[in-house]
Amino acid sequence: MIELLAADWNHWPDGLSPAEIALTAATAGVYGLELGVYDTDVELAPDRLAEWRRLGEQHGVPIRMLLYSMTPERWPHGGLTSDIERDRLVQQIGTLLEIASGLGLRTVGLWPGADFPDADRGAYLTAVSQLSVLAHKAGIRIAIEPKPGTLVATVGDIAMFGGEVAKADSIGVLLDIGHEFAAGRDPAPIVSALGQRLFHVHLGDSDGDPDADLPPGRLHPLDPFLAALDSVGYDGAMSPDAYGAVASHSMTGAEALAETVQRVASYNAAK
């Protein structure tokens, strides 16, 4: 059975503390936590990381995944495509990989949201190749998350099947099905196309807005996608991404998590 995690960022708009997030995750019955990271020196500072580890042990929801998000506000010169920011990128991802290794993780996520469609694709490929070397040395996989409106808008834009990146088994895909629905694409066939390059999954739904972040199954059936994961023997984890819906105050993070758990449980019960 695929492990369902709780993403801590879904509870940020509600102002929940780490202790409250861990308790909410445990109450929902998930397997662990996915932590959102903007700056490894902040979200993964030693004291903060120690608190998450303690709470995870206390509530039975250990840290299972880390997502490093590169927002335009924090990377104004671009993220993966910026030569100016290359040293900072290497330092941040290097620290992320080191921490992931210490946690016993095998995958981290990376969202290059600061790289817009007109950014330098050559610089992007150079950066990804460099990160693949870091990841290989650390023994950790990097799952890159596509999103409409960025340079990496589709799974094909990751370009992991081209050039040197094709040889890097440390680079793969974080498939957010809400982003796929927003772009008018069915995520189920993408699963078989990716095969072993599918490293992690975010569950969501969308009415066409990439930031809608509705709970999965609201507008598009979730079962065909889950069946596609089963058909390829997907052995990664998945987390709901409901930040947009929670931030719009249409629901709480706890409600979005409970709804996701219920839909996944219904699929598993019907198998």
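Which of (1) closer than 19 Å to Tyr243 by Cβ; (2) in contact (Cβ under 8 Å) with a residue 40 or more places away in the chain; (3) assigned to a loop (DSSP other than H, G, I, E, B) does Ala25 not meet, given it meets every other one?
For Ala25, the exception is condition (3).
Under 7 Å between Cβ atoms, at least 6 apart or on separate chains: pull out the pairs that start in segment 141-154 with a residue that is in contact (Cβ under 8 Å) with a residue 40 or more places away in the chain and end on any residue that is surrounded by fewer than 19 Cβ atoms within 10 Å (Cβ to Cβ) and not aromatic (Phe, Trp, Tyr).
Arg141/Arg106; Lys147/Ala153; Pro148/Ala183; Leu151/Pro117; Leu151/Arg121; Leu151/Asp157
Please give the helices (runs of 4 or more DSSP H) falling wholly within segment 152-254 in which 1 or more residues are within 25 Å of Ala114 (Cα to Cα).
Answer list for segment 152-254: 177-182, 187-194, 243-247.
Please work out which residue is nearest to Leu23 (Cα to Cα), limiting yourself to segment 51-80 and to residues that are of a type in the set (A, V, I, L, M, F, W, C) and part of a strand (DSSP E or B).
Step one: of segment 51-80, the residues of a type in the set (A, V, I, L, M, F, W, C) are 52, 55, 61, 63, 65-67, 70, 75, 80.
Filter once more, so that each one left must be part of a strand (DSSP E or B): 63, 65-67.
On the way: Ile63: 13, Met65: 18, Leu66: 19, Leu67: 20 Å.
Looking at the filtered set, the residue picked out is Ile63.
Residues in segment 1-22 that are surrounded by fewer than 18 Cβ atoms within 10 Å (Cβ to Cβ) and among the polar types (S, T, N, Q): how many?
Total meeting the criteria: 1.
Would you confirm whether any residue within segment 63-70 is of a type in the set (Lys, Arg) and modelled with pLDDT of 95 or more? Before the answer, list the steps.
Narrowing segment 63-70 to residues of a type in the set (Lys, Arg): 64.
If we keep only those that are modelled with pLDDT of 95 or more as well, we get 64.
Checked against the condition, which is being of a type in the set (Lys, Arg) and modelled with pLDDT of 95 or more, segment 63-70 yields at least one hit.
If you check Leu5 against the conditions, is it modelled with pLDDT of 95 or more, over 29 Å from Leu214 (Cα atoms) and in contact with a Gly (Cβ under 9 Å, 6 or more places away or on another chain)? Step through it out loud before you land on a result.
Details: modelled with pLDDT of 95 or more: yes; over 29 Å from Leu214 (Cα atoms): no; in contact with a Gly (Cβ under 9 Å, 6 or more places away or on another chain): yes.
No.
Does Gly56 qualify as being touching a Leu at 6+ places or on another chain (Cβ under 9 Å) and either over 20 Å from Gly102 (Cα atoms) or of a type in the set (Gly, Ala, Ser) (or both)?
Numbers: touching a Leu at 6+ places or on another chain (Cβ under 9 Å): yes; either over 20 Å from Gly102 (Cα atoms) or of a type in the set (Gly, Ala, Ser) (or both): yes.
Here the answer is yes, as Gly56 does meet what is asked.
Picking from Gly172, Gly162, which residue would you name as being modelled with pLDDT under 95, more than 19 Å from His11 (Cβ to Cβ) and under 17 Å from the mean Cα position of the chain (by Cα)? Step through it out loud before you land on a result.
On the way: Gly162 fails: under 17 Å from the mean Cα position of the chain (by Cα).
From the options Gly172, Gly162, the qualifying one is Gly172.
State which residue is surrounded by the most Cβ atoms within 10 Å (Cβ to Cβ) when the search covers only segment 89-123 and only residues that are part of a helix (DSSP H, G or I), of a type outside the set (A, V, I, L, M, F, W, C) and more than 21 Å from the chain's Cα centre (by Cα).
Residues of segment 89-123 that are part of a helix (DSSP H, G or I), as a first pass: 89-102, 121-123.
Cutting the leftovers down to of a type outside the set (A, V, I, L, M, F, W, C) gives us 91-92, 94-95, 98, 101-102, 121-122.
Pick out the ones that are also more than 21 Å from the chain's Cα centre (by Cα) and you get 121-122.
Numbers: Arg121: 15, Gly122: 9.
Only one residue fits best here, namely Arg121.
The values are calculated or read from the model by the stated rules, or taken from the named source; none is laboratory data. Since the structure is predicted, the reported quantities are computational estimates derived from the model, not experimental observations. We place every Cβ from the backbone using ideal geometry, glycine too, and count neighbours over all the protein chains shown.
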